[in-house]
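I have placed the structure first, in the form of structure tokens, so that the comments after it can refer back to it.
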Amino acid sequence: MEVLEGKKSDIILEFKDITKTFPGVVALKNISFTIKKGTVHALVGENGAGKSTLMKILNGLYHADSGEIHLDGEKVQIKDSLQAQQHGIAMVHQELNVVNELSIAENIFLGKEPMNKFGFIDQKSLYRESAEFLKKQKLSYNTKTKMKELSVGEQQMIEIIKTVFFNSKIIIMDEPTSSLSEGEVKKLFEKIKELKAAGTTIIYISHRLEEIDEICDYLTIMRDGMFIKSAKVGEISRNEIIASMVGRNIENAYPKTESNIGELLLEVKGLTNDSIKDVSFEIKRGEILGFAGLVGAGRTEVARAIFGMDPVNSGEIYLEGKKINIKNPRDAVDNGIMMASEDRRKYGLVTKRSVLENISLPNYNRYSKTLFLNGKVETEYSSDICKKLQIKTPSLKTQAASLSGGNQQKLVIGKWLISNPKVFILDEPTRGIDVGAKTEIYKLICELAAEGMAIIMISSDLPELLGMSDRIYTMSEGRITGELSREEATQEKIMHYATIERQAN
Ligand SMILES: Nc1ncnc2c1ncn2[C@@H]1O[C@H](COP(=O)(O)OP(=O)(O)OP(=O)(O)O)[C@@H](O)[C@H]1O
Ligand SMILES: [Mg+2]
């Protein structure tokens, strides 16, 4: 067992020999390590390493098959999240668990609403207390706003803030920054520092190693459900971390191949709606086109408009020189335009269905008569996709919900591939994906482009955009503000164009 140096009384939490199996998977094998009080402790590892599972056990959502959890030196039983809360443990989930129809205030108090003397929810104090709390947290939301009106990033922020409201001793954050804007990340980091100064312990899961250097004190590396090592941040090199995570060295982070750019494929002219203004651009066959911008710049909104998810007030779309009319996603798909959404929960996956069904679903209508006449073809195809994308799943029958976050993301991409799109829009394709799998996805993107597909890649990860794009458009406030060739593009230039204020008229 590994104990970080320091006095025994410094240790707030200890995992002892935790083992957990799911049907067909050993998710955790004899995990033992300790966490020091008042520190920010990172948990890293590839997709499917077992990070979320271990944290769900700590939060009472899953129960270990064997092993113990010791809190402040005492063995504890955590049967459910209410008990976790009583022990001062709170968790912000990787896959957000917000109830869309509820207001911000109701969501903050969910399950713990203040009651009045008649035994009803005391609406007045619910709204008053949550408003005061948000004000103290320097957040300017109206607490009556419904959760569904917030962006994914804003919802995430509310979930994080909520744990603070209940004075938690240990806060688990499972990839908290994956959908936050830079400004929000900064706010979160300030909050984390503040919490740490007040003695709170934070367990921080992230695939972004830079973040770990910035705010974490210790880190624990997991691989294939096993504990590999714990170390003090700064005393272990980036390369050593990555090598311990993946069990091998990764030579080339961006395996971009020479592109073979063909004729003009898609032309967008003057696309305008409530969120985007006069957006015009073009993309050729075989081209990987990056879209850069801050969160809220309108990149996803452009994708949604082209894919028929949002109405368009004016503007035209031409495909192979012909004007096309897209009123809904079906029209887009019929024209060979596909989109893998950034919000995989809402648009990407039917999480209650199996891996197999998720891969086949978008294709049933188009192909049922020909391709999927027999289940065998369907099974073969799905298993090919899983192999190609290295989707880690015990079987094709496994529910999508039970895959690790990163593997769900791969599934979102995989399910569109059968229909062989002409234009493939990828919105934050590697969010939540580990370093090894990222490289696999990049390889796949290059292969698709080499086959003549036009790829639109929206990303907030600048090194990724620079490493993968043939050309980059920048957006700010709903408009395209710049265009950079692969040769011209630098982080500085992108940031410059991405922060341009809207010109008068
Ligand atoms: N409810 C479940 N039912 C079945 N298998 C599960 C369930 N939850 C997790 N697993 C499996 O346990 C393993 C560990 O998954 P876990 O979600 O803990 O990984 P992770 O390290 O959080 O990965 P990621 O970085 O992708 O979020 C995976 O193989 C996953 O498929
Ligand atoms: Mg996870």
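Things to note:
- If the condition is being more than 16 Å from ligand 1 (Cβ to nearest atom), part of a helix (DSSP H, G or I) and of a type outside the set (Val, Ile, Thr), then the stretch 422-461 contributes Tyr442, Lys443, Leu444, Cys446, Glu447, Leu448, Ala449, Ala450.
- Of all residues in the stretch 117-150, those that are loosely packed, with under 12 Cβ neighbours inside 10 Å and within 22 Å of Leu82 (Cβ to Cβ) total 2.
- Some residue of the stretch 89-109 being in a helix (DSSP H, G or I), in contact (Cβ under 8 Å) with a residue 60 or more places away in the chain and within 16 Å of ligand 2 (Cβ to nearest atom): no
- Qualifying residue in the stretch 403-422 (condition: free of Cβ contacts under 8 Å to residues at least 60 places away in the same chain and touching a Ser or Thr at 6+ places or on another chain (Cβ under 7 Å)): no
- Scanning the stretch 256-268 for residues that are in a loop (DSSP other than H, G, I, E, B) and surrounded by 15 or more Cβ atoms within 10 Å (Cβ to Cβ) yields Lys256, Ser259, Ile261.
- Of all the residues in the stretch 16-61, those that are surrounded by fewer than 18 Cβ atoms within 10 Å (Cβ to Cβ), in a loop (DSSP other than H, G, I, E, B) and within 12 Å of ligand 1 (Cβ to nearest atom) number 3.
- Checking Leu61, Leu82 one by one, the residue that is within 16 Å of ligand 2 (Cβ to nearest atom) and in the same structural domain as Leu13 (by TED's automatic domain parsing) is Leu61 and no other.
Per-residue answers, yes or no, for (1) touching a residue at least 40 places away in the same chain (Cβ under 8 Å); (2) in a strand (DSSP E or B); (3) in the same structural domain as Ser32 (by TED's automatic domain parsing):
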{"residue": "Thr163", "(1), (2), (3)": "yes, no, yes"}
{"residue": "Ile171", "(1), (2), (3)": "yes, yes, yes"}
{"residue": "Pro176", "(1), (2), (3)": "yes, no, yes"}
{"residue": "Ser179", "(1), (2), (3)": "yes, no, yes"}
{"residue": "Glu184", "(1), (2), (3)": "yes, no, yes"}
{"residue": "Tyr204", "(1), (2), (3)": "yes, yes, yes"}
{"residue": "His207", "(1), (2), (3)": "yes, no, yes"}
{"residue": "Ser230", "(1), (2), (3)": "yes, yes, yes"}
{"residue": "Gly234", "(1), (2), (3)": "no, no, yes"}
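- If the condition is being basic (Lys, Arg) and in a loop (DSSP other than H, G, I, E, B), then the stretch 288-331 contributes only Lys327.
- Criterion (among the charged types (D, E, K, R), closer than 23 Å to Arg285 by Cβ, under 16 Å from the mean Cα position of the chain (by Cα) and outside any loop (DSSP other than H, G, I, E, B)) met by exactly one of Glu464, Glu483: Glu464
- Residue among Ile192, Ile205 that is away from ligand 1 (no atom under 16 Å from the Cβ) and not small (Gly, Ala, Ser): Ile192
- A residue that is within 13 Å of ligand 1 (Cβ to nearest atom) and at positive phi can be found somewhere in the stretch 382-405.
- Scope the stretch 62-97; condition among the hydroxyl-bearing types (Ser, Thr, Tyr) and crowded, with 16+ Cβ neighbours inside 10 Å; matching residues: Tyr62, Ser81
- Those residues of the stretch 381-398 which are loosely packed, with under 14 Cβ neighbours inside 10 Å and either outside any loop (DSSP other than H, G, I, E, B) or within 16 Å of ligand 2 (Cβ to nearest atom) (or both), in sequence order: Lys387
- Test: residue in the stretch 27-36 that is modelled with pLDDT under 95 and either among the acidic types (Asp, Glu) or within 16 Å of ligand 2 (Cβ to nearest atom) (or both): yes
- Only one of the listed residues (Glu210, Glu190) is surrounded by fewer than 18 Cβ atoms within 10 Å (Cβ to Cβ), closer than 24 Å to Lys438 by Cα and either aliphatic (A, V, I, L, M) or modelled with pLDDT under 95 (or both). That residue is Glu210.
- Test for Lys256: is it of a type in the set (Lys, Arg) and under 30 Å from Lys392 (Cα atoms): yes
The values are calculated or read from the model by the stated rules, or taken from the named source; none is laboratory data. Quick caveat, the model's predicted, so the values are computed rather than measured. Every residue, glycine among them, receives a Cβ derived from its backbone with ideal geometry; neighbour counts consider all protein chains shown.
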